[in-house]
């Protein structure tokens, strides 16, 4: 199988596998207890916290581990809104945020809060001016913006948004799920969230960082774990493995930049070649201001599910934002907000170390698959 | 809710704005030369029907697509942009779904 779905999950990094196996033996005990095995687990946990905090540009006591990236977002959004309840109930989010942000916003709305959604350009970039205007409204409790879009790869104007939030005295939650472990992270945020399995760590580890001085109150019942921010017994071995993957990915900045450049060039090849090889295709997302590993295109007159099924049969694992492939029967809110084709959509996202040959094999297989599906619908 | 722009959709002929508005009004008064009933059909079928039939109307005439797959609401204007036809407007219809009007440009 040629795996081209890294934006869903990056294969486990070898350093994470080694660390996980070792920590299963040495870090299984309860880190909150006081005997030797427990203190060992606690040491491993705190070392992992320090390592992750270092990469995020945070203090270790600002970082907690959650059960997933989604949980980190839910806690980050709802906790920050709770903390500023007396100041206001207005929430500002980008229109193409991850569904975890949208669902947290929905929850806030059901609780009587208000939500303002800032629109995006045709390439999926949040309108920075409109964002600044929205956060300056009185009663704004929190603003949320992703670093880069998970479906189309477009980078968001986080620096401009952060400056606007700072000027308005509004905390900014930055969802760094697609860029943590890949790109240098912004430094100006109040809350930052990420997910370990997106950078080659194991599933089941999310990161929630809350800057000192940011008001935050848990939306959950009280629990003493993770500085009272994330409930439940920490999965120490998985957290240790997540930190090991992050260290391995970011430890050598030059090597990481080189790999990003290599992936970005392969993405550029897909962006150029797909419209040349397949008629009636729209490549979406920003061609320049984008993540290095994600490219998305839509094929006219093709059902997304048929396309994924045929690509799977040919040995390619990719994903799609088309409605018929999602559980909701709704088209992707990202493609919808951009006003681009939602059907026949394919997202190709390159894992670390993917070979040039794999990308070329995908490009070689795609045209005939699209032609066959179109022919089956009577389109020639 | 933010997942759906409510009411009538924006016109694809937004630029230049004043000209487009005048044009839209002129076309809105003109009845559709052809109505394609794609209600109950899933994308991409409504778009395939539109692509198949748009050449049946004279140049500059309007085709109206009735569709209730939410994807059609975004995809028909996007198709117009890709194919250089004009999206005139989209209006909700009583039975659910939209009447999406497209002007044949060539």
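Structure data summary
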| read-out | value |
| --- | --- |
| Gyration tensor (alpha-carbon) shape descriptor, segment A:150-246, a/c threshold 1.5 | oblate |
| Alpha carbon centroid spacing (whole Å) that separates segment A:159-217 from segment A:273-351 | 27 |
| Full-stretch length increase - residue A:8, residue A:272 - with 0.36 nm per residue and alpha-carbon distance subtracted | 92.7 nm |
| FRET E, pair residue A:25, residue A:317, Förster distance 56 Å, beta-carbon r, rounded to 0.05 | 0.95 |
| Helix-only CD estimate at 222 nm, as mean residue ellipticity for chain A, using -39500 (n - 2.57) per DSSP H run (n ≥ 4) | -13500 deg cm²/dmol |
| Chain A shape via C-alpha gyration tensor axes, a/c threshold 1.5 | oblate |
| Computed E for residue A:43/residue A:252 - FRET, C-beta separation, R0 25 angstrom, nearest 0.05 | 0.45 |
| Calculated FRET efficiency for the pair residue A:187/residue A:32, C-beta based, R₀ 30 Å, to 0.05 | 0.45 |
| Theoretical gain in end-to-end length, residue A:376 to residue A:110 [0.36 nm per residue, Cα-Cα removed] | 91.3 nm |
| Gaussian network model of chain A, Cα within-10 Å springs - most flexible of A:177, A:261, A:41 | A:261 |
| Between helix A:36-56 and chain A: long-axis angle, C-alpha atoms, 0 to 90°, nearest 10 | 60 |
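Bear in mind these aren't lab numbers, they're just calculated from the coordinates by the rules spelled out. Model, not experiment: these values are computed from the prediction. Cβ atoms come from the backbone with ideal geometry, glycine included; neighbour counts cover every protein chain shown.
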